[in-house]
Amino acid sequence: PVERRPDIQESRLQLPILAEEQVLMEAIKDNPVVVVCGETGSGKTTQIPQFLYEAGYGRDAMIGITEPRRVAAVSMSQRVAEEMNLSQRTVSYQIRYEGNVTPETKVKFMTDGVLLKEMQKDLLLSKYSVLVIDEAHERSVYTDILIGLLSRVVPLRTKKGNPLKLVIMSATLRIEDFTHNQRLFKISPPVIKVNARQFPVTVHFNKQTPGEYLQEAYKKVCKIHRMLPAGGILVFLTGQAEVHALCRKLQRSFPSVGDAKVKKTAESKETKKSKKEQKLLKIDLDNYTIEGDEDQADDGILEDDIDLEAHIVGVDDEDDMDDNGDMPTSDADLPIHVLPLYSLLPPDRQQRVFLPPPAGSRLVVVATNVAETSLTIPHIKYVVDTGKVKKRFYDKVTGASAFQVTWVSKASADQRAGRAGRTEPGHCYRLYSSAVFSDFQTFSPPEIARRPVEDLVLQMKDMSIDKVVNFPFPTPPDVEAVHAAEQLLVQLGALQHTAKPKDPKAAPSPVITPLGRAMARFPVSPRFSKMLALGEQHGLLPYVISIVAALTVQEIFLSGGGPAGRAEEQQEQQEQHAHSSIAQLKNTWAGQGQSLLLGDIMVLLRAVGACEFAGCTNKFCEDNGLRYKAMTEIRSLRTLLTNAINTVCPGAKVHIDPNMRPPTELQAKLLRQIMLSGLGDRIARRVPTDQISDKSHKFAYQSTSMEEYVFIHPSSVLTKTRPEYVIFHEIIEARKPYMHCVAAVEPE
Ligand code: ADP
Ligand code: MG
């Protein structure tokens, strides 16, 4: 029996899903597969696992819930444990780097990738009685594959007399890829719709679409805070750096609860600044239209807000604002409570968005896409949507990837708007015009249609799914992408064309090699697995493991603090910061000659080596500009990889040596060869200076995979030397397409 706290019980009763408990549980009892659709915030993620637990599904086996995002797996397991008054020994989570699963675990939240790995070991998932696939509308590639696999496992388990229930949850009604897909489910699964109380949200478009959306978002938040009644503001930006930049800017412009008094007495710089902002506001008025746009009327969507305009007219007189903070139309002196929210934010800081803001202040949450559907933030009345999202784009054939900021889909924009109407009618301010919106894609295509699939192909081959094209995908990947993946895997030695195909009429499909099987065991991409395999042969595993772990974990260097407004300023600071971190690290872990050979890879090795030597303490990381969380993740991943390798090749006998010395020059040369074995197609050559057409570039590179010039990232140790040939880990588009983690190579 579950004994919930009275306050929890009360807030649960507010959730629309509670009204559906009986219908839902009966559907699950009577059907092997059930689809649940409910608006974000209706209580799917926090409540359905509890319903299942109370119905006894956790008695003899586990209730598994998969999430596409790590942050959701961690935070939802904590929330559900708290709601049920159970310890995290019973309601636990597992993500790639860490987890708190125990033998007592009954409810297990995990990332979809973790479950896929588990299926490699136990296809029938005999430890689970029910699997809940959350956020299926996101169409993450692992979610799609899991649904495909589970569509086959469910009947197998039924045949064995030990049925497995499958619950697919979606925040949108766009589920026909699952429900009307004969290859996937012969009998269409029943769909349970949860009718959420959603209050109306008025959508306002900008008349024009500004180039500087960050600046525009700042101005919009200021306006809302100054002009509009109480209610939280949620801002959607694209990345962590932007989130911090805006948070700082807002914090400087408005007092927080603690310093409200100080603010009123001192004629500070901030006040002058806000005068300037008001000037900007006036100019900005030109960007808005007052009449509604007829074209948009049928959607119930208006052009920019007339009410807001009316209020802005009231501010025209600057002196009014400065002398009289109590003006009814202005609450500029009211404090704001600004909170960042993004995936890499530590969980305890993420939790803060769920708490009510300090009395008398307005909550402002500055978030990335995580706030779109994974986490429902309470108390939001206004949404400021830049319409942008940072996405990774891949070249289907070469697999070269780049992060790019692009427009979201219409469906995403509507999800974002919906965040404003959870508790009362709200407003969504779109910082782009309705014309721009009408060009948005209706839905973003599923991830599997956009990304290379070499890791999936390898994992599927390892699970004896030889004909990847015949797999019951909710949406099949591009044939071209599957082909490119097979080619890369053949090149890496993981697959092999057979002399005698089993079915001579069918298109040839390469089969997995013993090396491929070993590679499939490693929880990293096939390129990295290949490096590990070669590292084993050359006795360089400890180095290769460290490099692979460091390349896999994101953003190991701390981003710089200090004031930042424009994205470029911010970036420059980060670059300088990275420079100084690297300079310091040079002294901590010697090996200068090797630096020339290994470039940025040596910097990573140095970071890992020096940090491990120092015991991986928070202080060491801070002193050296390393992100502590990243370093602990690298450490976990090294342990994971070390164990995986010892299992796969018992002869290897690797261990993590805290006293790992820098590689010798010979070893450094070999390491470079090993890097090349995995990144052989990620090579760039310097363009001769006289051939650079755009003279604003002093130097540029031409990579094998992109037509555009690419550049060495300013944080690289090779920005000055600029070798003729380089290999790189990836290209990330910022102000320019930058190659990250670069090392020099000589032409063969
Ligand atoms: P869904 O999965 O349908 O989007 P959730 O189950 O995530 O909905 O959320 C249901 C409610 O629980 C929301 O109102 C949300 O704000 C609240 N909630 C979720 N996590 C927490 C938390 N950690 N602390 C407080 N409230 C939370
Ligand atoms: Mg959810």
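The values are calculated or read from the model by the stated rules, or taken from the named source; none is laboratory data. Keep in mind that what you see is a predicted model, and the values were worked out from it rather than measured. Glycine also receives a Cβ, built like all others from the backbone with ideal geometry; neighbour counts cover every protein chain displayed. Accessible surface areas use protein heavy atoms only, side chains included; no ligands, DNA or RNA. Shrake-Rupley method; radii C 1.70, N 1.55, O 1.52, S 1.80 Å.
For the reader, a short list of remarks on this structure follows.
- Some residue of the stretch 44-66 being in contact (Cβ under 8 Å) with a residue 40 or more places away in the chain, closer than 16 Å to E3 by Cβ, within 14 Å of ligand 2 (Cβ to nearest atom) and open to solvent by less than 20 Å² (accessible area, probe 1.4 Å): yes
- Taken across the stretch 640-660, residues that are of a type in the set (A, V, I, L, M, F, W, C) and loosely packed, with under 13 Cβ neighbours inside 10 Å do not occur at all.
- Of all the criteria given as (1) on the phi < 0 side of the Ramachandran plot; (2) at pLDDT 90 or above, the one not satisfied by G387 is (1).
To keep it simple, each residue is scored yes or no on (1) farther than 30 Å from C37 by Cβ; (2) open to solvent by less than 10 Å² (accessible area, probe 1.4 Å); (3) outside any helix (DSSP H, G or I); (4) modelled with pLDDT of 50 or more.
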{"residue": "Y218", "(1), (2), (3), (4)": "yes, yes, no, yes"}
{"residue": "L234", "(1), (2), (3), (4)": "no, yes, yes, yes"}
{"residue": "E242", "(1), (2), (3), (4)": "yes, no, no, yes"}
{"residue": "G258", "(1), (2), (3), (4)": "yes, no, no, yes"}
{"residue": "K273", "(1), (2), (3), (4)": "yes, no, no, no"}
{"residue": "E277", "(1), (2), (3), (4)": "yes, no, no, no"}
{"residue": "L285", "(1), (2), (3), (4)": "yes, no, no, no"}
{"residue": "E291", "(1), (2), (3), (4)": "yes, no, yes, no"}
{"residue": "Q296", "(1), (2), (3), (4)": "no, no, no, no"}
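- Counted residues, the stretch 28-67 - those being at negative phi, in a loop (DSSP other than H, G, I, E, B) and of a type outside the set (V, I, T): 10
- Which numbered condition D681 misses (of (1) touching a strand residue (DSSP E or B) at 6+ places or on another chain (Cβ under 7 Å); (2) in a loop (DSSP other than H, G, I, E, B); (3) within 24 Å of G535 (Cβ to Cβ); (4) of a type in the set (D, E, K, R)): (1)
- Whichever residue in the stretch 682-704 is among the hydroxyl-bearing types (S, T, Y) and surrounded by fewer than 19 Cβ atoms within 10 Å (Cβ to Cβ) and, among such residues, is farthest from the chain's Cα centre (by Cα): T689
- Residue list for the stretch 165-194, restricted to those being over 28 Å from the mean Cα position of the chain (by Cα) and within 16 Å of ligand 2 (Cβ to nearest atom): I192
- L341 vs. criteria within 14 Å of ligand 1 (Cβ to nearest atom) and at pLDDT 95 or above: no
- Checked against (1) β-branched (V, I, T); (2) in contact with a Gly (Cβ under 7 Å, 6 or more places away or on another chain); (3) more than 21 Å from M110 (Cβ to Cβ), V2 meets all criteria but (2).
- Residue, surrounded by the fewest Cβ atoms within 10 Å (Cβ to Cβ), within the stretch 309-338, restricted to residues that are at pLDDT below 50 and under 21 Å from A420 (Cα atoms): E309
- Any chance T40 is without any contact (Cβ under 8 Å) to a residue 60 or more places away in the chain, within 16 Å of ligand 2 (Cβ to nearest atom) and open to solvent by less than 20 Å² (accessible area, probe 1.4 Å): no
- First in the stretch 598-611 and open to solvent by 10 Å² or more (accessible area, probe 1.4 Å), second anywhere and hydrophobic (A, V, I, L, M, F, W, C) and in a helix (DSSP H, G or I), Cβ under 8 Å, 6 or more apart: L604/I547; L604/A550; L604/L551
- T642 fulfils the conditions (1) of a type in the set (S, T, N, Q); (2) part of a helix (DSSP H, G or I); (3) under 25 Å from E746 (Cβ atoms) except for a single criterion, (3).
- Entirely in the stretch 68-183, the helices (runs of 4 or more DSSP H) that have 3 or more residues that are open to solvent by 50 Å² or more (accessible area, probe 1.4 Å) and away from ligand 1 (no atom under 16 Å from the Cβ): 141-159
- Residues that are among the polar types (S, T, N, Q) and more than 16 Å from ligand 1 (Cβ to nearest atom), drawn from the stretch 373-389: T386
- Odd one out for V191 among (1) away from ligand 1 (no atom under 16 Å from the Cβ); (2) in contact with a Ser or Thr (Cβ under 7 Å, 6 or more places away or on another chain): (1)
- Options P504, P476: the member that is open to solvent by 30 Å² or more (accessible area, probe 1.4 Å) and modelled with pLDDT of 90 or more: P476
- Residues that are open to solvent by 20 Å² or more (accessible area, probe 1.4 Å) and either within 12 Å of ligand 2 (Cβ to nearest atom) or out of contact with any strand residue (DSSP E or B) (no Cβ under 7 Å at 6 or more places or on another chain) (or both) were ranked within the stretch 373-386; the one that is farthest from G38 (Cα to Cα) is P378.
- Some residue of the stretch 424-431 being at pLDDT below 90, more than 24 Å from A136 (Cβ to Cβ), surrounded by fewer than 17 Cβ atoms within 10 Å (Cβ to Cβ) and away from ligand 1 (no atom under 16 Å from the Cβ): no
- Taking the conditions (1) basic (K, R); (2) without any contact (Cβ under 8 Å) to a residue 40 or more places away in the chain; (3) open to solvent by less than 20 Å² (accessible area, probe 1.4 Å) in turn, K410 satisfies each one other than (3).
- Exactly one residue among R362, R392, R419, R451 is in contact with a strand residue (DSSP E or B) (Cβ under 6 Å, 6 or more places away or on another chain) and within 16 Å of ligand 2 (Cβ to nearest atom), and that residue is R419.
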